[in-house]
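See below for the structure under consideration.
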Amino acid sequence: EHRYNFFGRSQAIDNLMGVVKEQSLTIVLGASGTGKSSLVKAGVLPRLPGGKEGRIPIIKPGLTPLAELPDSESYDILVIDQLEQLVTHAEENEALAFLQQVSSLLKSGKKIIATLRIDYESRLPKIPELSGFWYRYLVQSFSAEELREVIVAPTFRQGRFIMPMSLV
């Protein structure tokens, strides 16, 4: 829905697309506010089969993460946004059961993309079966050029200009 208004992450989108194509489980890590969710939802999903049509489910674990999992017959790719909610919202036994279910989904051939604040990665319950699948993609802070694109591209799209350009 927001892909047409998403600017400044072209290189990150290309890099992450390469990772997602190769990995069963991609953990998109970064500090709070670095744009992990936006990168996945507006940058990567529209480029995946079924992404533009909204056929890729996006869930947040919340208080009852198992209840949030859609029927596994209805998708090939699943996005888990804010995986840190397994630590901040869910009970530990529920978080463990959720991660075990994620492991089962991966073993059955499903592909999963999850966003996770980097400061919560070490606090997640440990599931040995996931370690072989776990692939970390670190979202970097915006470069000066990326920030410029974030400001200038939507302005130009609206038919407006920034004068002088040296302001950005």
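Checking each residue in region 20-30 for being closer than 16 Å to LEU83 by Cβ and either without any contact (Cβ under 8 Å) to a residue 40 or more places away in the chain or under 13 Å from the mean Cα position of the chain (by Cα) (or both) picks out VAL20, LEU25, THR26, ILE27, VAL28, LEU29, GLY30.
For ILE13, the conditions (1) over 16 Å from the mean Cα position of the chain (by Cα); (2) of a type in the set (Val, Ile, Thr); (3) closer than 19 Å to TYR137 by Cβ all hold with the exception of (1). Evaluated against (1) touching a strand residue (DSSP E or B) at 6+ places or on another chain (Cβ under 7 Å); (2) without any contact (Cβ under 8 Å) to a residue 60 or more places away in the chain; (3) basic (Lys, Arg), LYS36 falls short on exactly one condition, (2). Flag: THR26 matches the condition of being open to solvent by less than 10 Å² (accessible area, probe 1.4 Å), outside any helix (DSSP H, G or I) and among the β-branched types (Val, Ile, Thr). In summary, VAL152 fulfils each of the numbered conditions (1) part of a helix (DSSP H, G or I); (2) out of contact with any strand residue (DSSP E or B) (no Cβ under 7 Å at 6 or more places or on another chain); (3) modelled with pLDDT of 90 or more; (4) hydrophobic (A, V, I, L, M, F, W, C) with the single exception of condition (3).
Of the residues making up region 122-148, those that are within 16 Å of VAL19 (Cβ to Cβ) and either aromatic (Phe, Trp, Tyr) or open to solvent by less than 50 Å² (accessible area, probe 1.4 Å) (or both) number 5. Considering the conditions (1) over 22 Å from MET17 (Cβ atoms); (2) out of contact with any Phe, Trp or Tyr (no Cβ under 6 Å at 6 or more places or on another chain), LEU116 is excluded by exactly one of them, (1).
The values are calculated or read from the model by the stated rules, or taken from the named source; none is laboratory data. Predicted model, so just to flag it, every value in this text is computed and none were measured. When we count neighbours, we look across all protein chains shown, and the Cβ atoms used for this are built from the backbone with ideal geometry, even at glycine. Quick note on the areas: whole protein, heavy atoms, side chains included, nothing else; ligands and nucleic acids left out. Shrake-Rupley method; radii C 1.70, N 1.55, O 1.52, S 1.80 Å.
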